[in-house]
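Asks: To start, I am sharing the structure in question, which I have written as structure tokens.
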Amino acid sequence: MPVYCDVSLPTPLDRPFTYLLPETLRHRAQSGCRILVPFGKRTLAGVILRTHDDPPETAARAVHREALRLLDEEPVLDESLLKLGNWISTYYCAPLGETLRAMTPLASDIRRGKVYSLTSSGHDAARQFHFDDAAPDPAGQLLRLLDARPLTGAYLARKVEKAASILRALEKKGLVESEDRTAERHHRPVAATEAPPSALAPARPPHALNAHQQEAFDAIRAALDAAVFKTFLLEGVTGSGKTEVYLNAIDAALARGKTALMLVPEIGLTPAVAAQFYQRFGERVAILHSAFHDTERAQQWRNIRSGAAGVVVATRSGVFAPLRNLGLIVVDEEHDQSYKQQETPRYHGRDVAVVRARDAGAVVVLGSATPSLESRYNAERGKYTRLELPERIERRPLPQVELIDMRQEFLETRKQATFSRALIEAVTARLENGEQTMLLMNRRGFSSFAACRACGHRIECANCSVTLTYHRRDRRMLCHYCNYAVRVPDRCPKCDSEFIQFLGTGSERVEEELHSAFPRARIARLDRDTVRGKRDYEVILSGFREGSFDILVGTQMIAKGHDIPNVTLVGVVNADIGLGLPDFRAAERTFQLLTQAAGRAGRGETPGIVLIQTINPDHYAIRCAAAQNYEMFYAKEIEFRRMMWYPPFGALASLVVRAAREEDALTRSGTLGRLLQPPPEGVKVLGPAPAAVARLKNEFRFQVLLKATSRARLGEILAEVRRFAVFERWPAASLLIDVDPMTLL
Ligand code: ADP
Ligand code: ZN
Ligand code: ZN
């Protein structure tokens with residue numbers, strides 16, 4: 001009977017801790033189970049890495065303490081997931097304990113108790129709250145956290161001091177409401193309600209695959225038969241019917257007695273998507289979505305674990321779903337940024353999927369109309385196998401795209417208008433024909449900033465080095481990075497002049513201008529301001545799909561995967577947003593966004609057109625998107641990456657040193673810079689330099705970029721940097737390491 005267990009705890013100290021097992025736990029504790037242990041004055045839940053009898057070193061014996069309670073009778077992480085956790089921890093330079101915690105389903109089982117959410121006046125209060133991070137106000141912090149999504153009392157208690165009593169006060173004021181979740185544990189899984197029975201009843205039979213789909217599917221099926229690890233890149237133009245190929249592949253995996261996992265982008269997991277899976281696979285489907293409550297997720301997780309659900313559709317963290325006998329992983333829209341986790345562990349869901357499949361001997365299908373440079377390059381090198389769907393379903397044409405040079409438009413009209421004459425005309429025609437329009441404006445708010453005409457001063461966030469965005473409905477200037485909000489000033493805070501000017505257009509303003517230009521049109525808007533809860537998104541989209549609106553205006557949310565046949569016009573109000581960002585992926589992202597947006601037009605029987613307004617009509621990202629020509633874009637972009645040693649060439653990591661005091665950030669980043677001078681062999685070091693957003697949420701930030709010739713070399717250097725930070729006793733949060741960063745901002 002083992003006497004000890006080594007436990008990995010979610011602390012920045014990156015090593016396991018050994019605990020004594022009480023008699024009662026000795027025959028039950030297994031690796032992969034969670035266990036409650038004392039840690040300093042706290043009690044933490046960790047994951048058992050191994051149980052053993054090795055006597056601890058004498059010096060350490062004194063600190064050996066007893067484990068308190070076993071949380072799982074069966075491991076929540078089996079051997080293969082523990083192994084995956086180890087890989088993630090090493091590759092992404094993240095402490096193992098934090099990695100394992102991110103991999104386990106949130107433990108509603110251990111956190112009996114309440115889930116808090118904001119009432120609508122609570123949401124209003126959260127938006128109007130004057131956030132001052134220098135003197136954090138706990139009530140404000142709570143409002144801000146809950147503004148994003150409902151959270152458990154236990155979580156809030158960890159994040160905010162005296163959370164319990166403040167929550168009670170907020171509840172009395174009617175700003176917060178709570179619900180007891182313990183009772184819900186044995187309820188039907190929420191996914192069943194996500195796919196309304198009505199969606200199951202008009203169930204269609206599977207489409208007969210067309211020749212291209214069949215060819216792609218045959219290749220996948222052959223790999224499933226061979227039952228060895230293989231990765232496909234399914235490159236299919238917008239509207240080519242990729243989903244049908246996925247569904248067939250999943251079917252084939254099930255037929256071979258295997259299980260299947262499909263990952264979709266954060267925003268791609270709508271009830272409409274879920275319904276397709278329920279129609280095809282019925283009760284065997286489990287849905288894992290980050291918007292679900294812990295209890296809902298835990299229930300789905302148990303269904304997967306028990307084998308009742310053999311098909312999992314999930315967002316990023318679903319890559320850790322406890323499927324056994326995994327045969328297939330599909331990653332839809334593999335280029336999507338939401339696959340990268342933006343907090344520790346900063347893993348990329350697509351890449352983790354490939355590693356998991358490799359260990360399981362499973363087949364991977366990465367699908368996209370606009371593959372990431374990394375994936376396409378891997379296909380070129382023979383690491384992945386490329387499959388193509390070069391045509392739309394039923395040979396429907398790709399939409400006709402026209403670029404509208406807004407500089408020329410200005411010269412001809414002498415007016416600084418939001419909509420060109422051609423766009424107005426095209427929308428008018430759609431309204432007359434009862435067809436629908438989507439308008440992309442990839443920036444929210446009314447005006448992007450306010451400036452004083454007299455002295456040029458721009459209204460900036462108090463916590464971040466960025467300008468505030470004017471949100472008209474809220475009558476507030478808002479920071480898009482930290483949610484800081486102030487009243488709209490009627491005088492310049494610097495020179496007291498009353499001539500404040502609002503510049504730059506956002507989606508809110510586009511909506512308003514549409515109302516004036518087309519007073520009779522029914523218009524809806526889809527952006528983070530109109531989508532507050534998990535339902536809003538679907539309510540607006542299904543309203544549009546059902547024809548309750550003529551025009552849908554929105555940010556990149558409208559460009560994602562939607563298949564709405566009556567849309568025959570897509571307009572891009574301003575294609576240039578994002579092009580100028582100091583980020584090597586700016587062109588790639590612009591190309592993807594415009595191509596995906598264009599792909600929403602003409603998916604039904606009536607052909608579609610796309611009008612792209614731009615002042616950079618010669619930029620290759622815009623030209624290639626207008627031609628909907630991925631090959632052309634790839635050829636150009638890959639040369640730029642090669643020349644600059646950016647991914648997919650070499651290995652890239654971003655180090656950000658941050659601190660509340662500028663001197664601390666400056667000294668530490670200086671020390672780090674000296675450590676990396678002269679640059680270690682096989683590595684290029686850029687910086688330290690102020691990060692693109694030099695101050696964020698009241699912290700000063702300096703960035704160092706590492707470009708290494710090999711992955712192994714990068715790993716060595718990063719490990720050294722981490723040891724150094726520990727040796728120098730830097731606070732754990734002061735050094736942020738992002739391996740394969742998706743953004744440098
Ligand atoms: P993509 O994801 O490649 O943009 P979708 O998977 O959304 O395309 O498919 C576009 C549309 O074509 C969907 O409405 C789908 O139901 C339909 N479709 C897919 N395959 C076929 C087929 N073989 N025959 C007819 N319609 C199909
Ligand atoms: Zn001024
Ligand atoms: Zn801010």
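Asks: Between the stretch 405-438 and the stretch 606-664, what's the alpha-carbon centroid distance in Å?
Replies: Centre-to-centre distance over Cα atoms comes out at 27 Å.
Asks: Still on this structure: Report Rg(Cα)/(2.2 N^0.38 Å) for the chain, keeping two decimals.
Replies: Working: Rg = 26.6 Å, N = 745, 2.2 N^0.38 = 27.2 Å.
This ratio for the chain stands at 0.98.
Asks: Looking at Val313, Phe281, Leu326, which one has the Cα that reaches farthest to the positive end of the dipole of the stretch 239-346 (charges on Cβ: Lys, Arg +1; Asp, Glu -1)?
Replies: Result: Leu326.
Asks: What is the Cα centroid distance between the stretch 697-716 and the stretch 463-524, reported in whole angstrom?
Replies: Distance between centres, Cα-based: 36 Å.
Asks: Let a ≥ b ≥ c be the square roots of the eigenvalues of the Cα gyration tensor of the stretch 358-485; is it rounded (a/c under 1.5), or, if not, prolate (a/b larger than b/c) or oblate?
Replies: oblate
Asks: Ok, one more. How high is the relative contact order of the chain, in percent, counting Cα pairs under 8 Å that sit 6 or more residues apart?
Replies: Values: 1455 pairs, mean separation 81.3, N = 745.
Over the chain, the number comes to 11 percent.
Asks: Order 87-98, 211-222 from most to least packed using the mean count of other Cβ atoms within 10 Å.
Replies: On the way: 87-98: 21.4, 211-222: 17.8.
Top of the packing list down: 87-98, 211-222.
Asks: Based on the mean of other beta carbon atoms within 10 Å per residue, what is the order of 166-173, 570-577, 47-54, most packed first? It would help to have the intermediate numbers written out before the result.
Replies: Values: 166-173: 15.9, 570-577: 24.4, 47-54: 18.9.
Listed from highest to lowest mean packing, they are 570-577, 47-54, 166-173.
Asks: If you don't mind, another one. Test of understanding: extend the Cα→C-beta vector of Ala226 to 7 Å, then name every residue of the stretch 302-334 with backbone N under 20 Å from that spot.
Replies: Once the point is set 7 Å along Cα→Cβ of Ala226, 326-331 turn out to lie under 20 Å by backbone N, inside the stretch 302-334.
Asks: Suppose the chain between Ser497 and Leu581 were pulled fully straight at 0.36 nm per residue; how much longer would it get relative to their current alpha carbon spacing? It would help to have the intermediate numbers written out before the result.
Replies: Values: separation 84, 0.36 × 84 = 30.24 nm, distance 3.12 nm.
The Ser497-Leu581 span can extend by a further 27.1 nm.
Asks: Right, here's the next one. How much of the accessible area of the stretch 445-504, in percent, comes from carbon and sulfur atoms when a 1.4 Å probe is used?
Replies: Ligands and nucleic acids excluded, carbon and sulfur give 43 percent.
Asks: Something else: So what is the accessible area of the chain per residue, in Å², with the probe set to 1.4 Å?
Replies: Value for the chain: 44 Å² per residue.
Asks: Counting only protein heavy atoms and a 1.4 Å probe, tell me what percentage of the stretch 4-105's accessible area is made up of carbon and sulfur. Numbers along the way, then the final one.
Replies: Details: 2560 of 4950 Å².
C and S atoms contribute 52 percent here.
Asks: Also: May I ask you to order 13-20, 377-384, 649-656, 559-566 by the average number of other C-beta atoms within 10 Å around their residues, highest value first?
Replies: Working: 13-20: 17.6, 377-384: 15.5, 649-656: 21.9, 559-566: 19.4.
Going by the mean number of other Cβ atoms within 10 Å, highest first, we get 649-656, 559-566, 13-20, 377-384.
Asks: Same structure again: Report, to the nearest whole %, how much of the accessible area of the stretch 197-390 belongs to carbon and sulfur atoms, 1.4 Å probe, protein only.
Replies: Working: 3250 of 6500 Å².
That share works out to 50 percent.
Asks: By its C-alpha gyration tensor, with a ≥ b ≥ c as the square roots of the eigenvalues, how is the stretch 197-390 shaped: rounded for a/c under 1.5, else prolate for a/b larger than b/c, else oblate?
Replies: rounded
The values are calculated or read from the model by the stated rules, or taken from the named source; none is laboratory data. All of these numbers come straight from a predicted model, not from anything done at the bench. Positions of Cβ are generated from backbone atoms using ideal geometry, with glycine treated the same way; all protein chains shown enter the neighbour counts. Only protein heavy atoms, including side chains, enter the accessible area calculation; ligands, DNA and RNA are left aside. Shrake-Rupley method; radii C 1.70, N 1.55, O 1.52, S 1.80 Å.
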